[in-house]
1. Per residue of the stretch 14-24, in order, report the coupling 6.51 cos²θ - 1.76 cosθ + 1.60 (Karplus, θ = phi - 60°) as ³J(HN,Hα) in whole Hz, putting x for Gly and Pro.
2. Apply the Karplus parameterisation 6.51 cos²θ - 1.76 cosθ + 1.60, with θ equal to phi minus 60°, to every residue of the stretch 117-125 and state each ³J(HN,Hα) to the nearest whole Hz, in sequence, with x for glycine and proline.
3. Which order results if Asp159, Asp99 are arranged by neighbouring Cβ count within 10 Å, fewest first?
4. Out of residues 5 or more away from Ala114 or on other chains, whose amide H comes under 5 Å of its own, with H placed 1.01 Å from N in the peptide plane?
5. Need one word for the stretch 1-97: rounded, prolate or oblate. Basis is the Cα gyration tensor (sqrt eigenvalues a ≥ b ≥ c); a/c below 1.5 gives rounded, then a/b vs b/c decides.
6. Once amide H atoms are placed 1.01 Å from N in the peptide plane, what residues at a sequence separation of 5 or more from Ala58, or on another chain, have their amide H within under 5 Å of its amide H?
7. Tally Lys and Arg at +1 and Asp and Glu at -1 over the other residues with C-beta under 15 Å from the C-beta of Phe130: what net charge comes out?
8. Starting at the first residue of the stretch 162-179, write each ³J(HN,Hα) from the Karplus equation 6.51 cos²θ - 1.76 cosθ + 1.60 with θ = phi - 60°, in whole Hz, x for Gly and Pro.
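Derivation of every value follows stated rules applied to the coordinates shown; laboratory data play no part. The structure displayed is predicted, hence computed values, not measured ones. As a convention, Cβ positions derive from the backbone with ideal geometry for all residues, glycine included, and neighbour counts pool all protein chains shown.
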Amino acid sequence: MASGLGSSAYGAGSTASGEGSSASGASAYAGGNVATASGASSVALGVSATAQGGGSIALGNGAVAGLVGAGTTPTNDVAIGSGSGATAGSSMALGANADATATGGVALGANSIANRAAGTFVVPISGTGFTTLMGAVSVGSSGSQRQVINVAPGTQLTDAVNLSQLDSAVVSLNHAIAAQAAAAAPPVANPGTGSGSGSGSGSAPTFISGNPTTYSAPVASGSNATSAGSGSAASAANSTAVGTGA
């Protein structure tokens with residue numbers, strides 16, 4: 001049925017109801033001046049709205065669903081919003097001037113752009129590869145990003161992770177690193193005991209680090225004696241003992 005001036009409708013159950021509108025394909029519907037619906041069950045609603053391809057839906061003035069003029073027409077594209085475009089097949093654009101140009105891509109919000117196609121990618125840190133079968137979901141564009149808020153913690157491997165989970169992971173990692181560093185640190189020598197005039201251990205010792213299998217405090221008992229090292233002993237006057245067991 002064609003009810004607008006200069007409108008045309010071709011196909012069982014097709015309807016064109018705006019001036020210069022065109023509906024072609026079974027159950028196609030074009031509502032709005034110069035609206036075009038081409039393809040079975042396609043819907044174009046709005047001034048100059050265009051739905052090209054079976055099952056495609058364009059709602060809004062100037063909205064485009066399906067790649068106009070393409071040799072192979074995508075199907076099942078959905079564009080909702082003035083000036084929105086979903087043109088890659090099974091793609092969706094929701095919001096004024098939102099644009100989805102990757103197959104299966106989703107552009108959410110005014111001026112959002114979804115143009116990253118499916119493919120194989122590599123995680124930079126781990127080097128692990130993964131493959132996606134559909135285009136990416138975008139909530140903004142380069143230089144005009146949005147936050148995604150009120151996201152629950154993820155529970156499965158392919159779920160989104162929120163900031164509370166990341167913060168918890170960082171705290172746990174820091175604790176693990178601190179514990180590992182403490183376990184790997186070499187023991188610091190006990191100042192040991194000393195006696196006699198000028199002996200090398202006492203109330204203000206110099207600590208010397210080492211890594212003996214077992215540790216025994218050094219002993220400097222001679223006058224002006226110095227001992228350093230696990231189990232070392234300097235008992236004679238002016239003597240020096242350096243090294244484990246010296």
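1. After applying 6.51 cos²θ - 1.76 cosθ + 1.60, I find 7, 9, 10, 10, x, 4, x, 7, 9, 10, 9 Hz.
2. Whole-Hz 3J(HN,Hα) from phi for the stretch 117-125: 7, 5, x, 9, 10, 10, 6, x, 6.
3. Working: Asp159 12, Asp99 23.
Ordered by Cβ neighbours within 10 Å, fewest first: Asp159, Asp99.
4. Asp99, Ala100, Thr101
5. oblate
6. Val43, Ala44, Leu45, Ala79
7. Numbers: positive: Arg116; negative: Asp159.
The answer is 0.
8. The phi angles translate into 9, 5, 4, 5, 5, 4, 5, 5, 5, 4, 4, 5, 4, 4, 5, 5, 5, 5 Hz.
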